[in-house]
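Comments concern the structure below.
Please treat every number below as a calculation from the coordinates, not as lab data. Note that the coordinates shown come from a computational prediction; the quantities given were computed from them, not determined experimentally. Note: ideal-geometry Cβ built from the backbone for every residue, glycine included; neighbour counts use all protein chains shown.
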């Protein structure tokens with residue numbers, strides 16, 4: 001399905017056959033909505049499951065102008081308005097977790113609960129140049145230039161060896177991601193800082209980190225959780241894409257959390 005939000009032709013999937021509350025998933029940088037395939041199948045019997053491709057990713061159009069995470073949150077808000085969805089249980093991983101934080105801060109009445117996975121509440125000043133360098137590299141050479149290092153950061157060696165089909169599928173999505181879409185998102189993440197606002201959140205929150213995540217160490221996700229009153233932190237035996245690598249454990253955690261939040 002396609003909808004135009006904030007001038008961006010946006011690809012999304014909404015499985016609302018259950019008639020249940022809406023559970024929305026937001027993917028990582030260099031990903032698309034298919035990263036949630038397994039979890040969407042798990043939850044579609046009790047929830048209406050919404051997934052979409054962030055602008056410049058998957059089958060969603062590129063942005064003509066630079067944007068920040070606030071604009072990405074605005075895209076999600078506009079999508080909910082266009083599809084007649086009042087509020088959601090919101091799950092985001094990595095970049096998706098940043099979008100979810102921003103969305104909950106900017107549109108609090110639309111969020112019933114938050115699950116923030118392998119993500120941070122701000123980009124440290126010393127890390128901003130890394131995002132500039134990554135954007136420049138991808139503009140020069142495409143996402144293939146960082147694909148190997150990215151996949152090694154996203155999954156542990158054991159998972160890469162035993163789940164090759166899953167890893168190859170996610171790697172293919174990264175390789176197909178538009179260079180400019182990826183680079184512009186890098187620049188948005190470079191400037192992200194929601195940390196000092198998190199105390200204002202009054203929504204049930206689950207934070208999930210990967211024990212072996214070198215890109216977003218668990219300590220950073222823990223710092224995020226500590227800034228949100230009542231947030232619960234869980235650490236899984238995974239690298240950066242913990243909801244994929246530990247999908248069964250994550251599904252169980254999320255199911256319990258949602259049951260308590262409804």
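See the values below:
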{"quantity": "Condition check for residue 187: surrounded by fewer than 15 Cβ atoms within 10 Å (Cβ to Cβ) and part of a helix (DSSP H, G or I)", "calculated": "no"}
{"quantity": "Cβ pairs under 6 Å, 6+ apart, first in the stretch 140-156 and more than 22 Å from residue 210 (Cβ to Cβ), second surrounded by 15 or more Cβ atoms within 10 Å (Cβ to Cβ)", "calculated": "142/179; 145/137"}
{"quantity": "Tally of residues being farther than 18 Å from residue 239 by Cα and touching a helix residue (DSSP H, G or I) at 6+ places or on another chain (Cβ under 8 Å) across the stretch 158-207", "calculated": "25"}
{"quantity": "Among the candidates 62, 13, 80, 72, residue that is surrounded by 23 or more Cβ atoms within 10 Å (Cβ to Cβ), in contact with a strand residue (DSSP E or B) (Cβ under 9 Å, 6 or more places away or on another chain) and at negative phi", "calculated": "72"}
{"quantity": "Subset tally (residues that are surrounded by 15 or more Cβ atoms within 10 Å (Cβ to Cβ) and part of a helix (DSSP H, G or I)) for the stretch 105-127", "calculated": "3"}
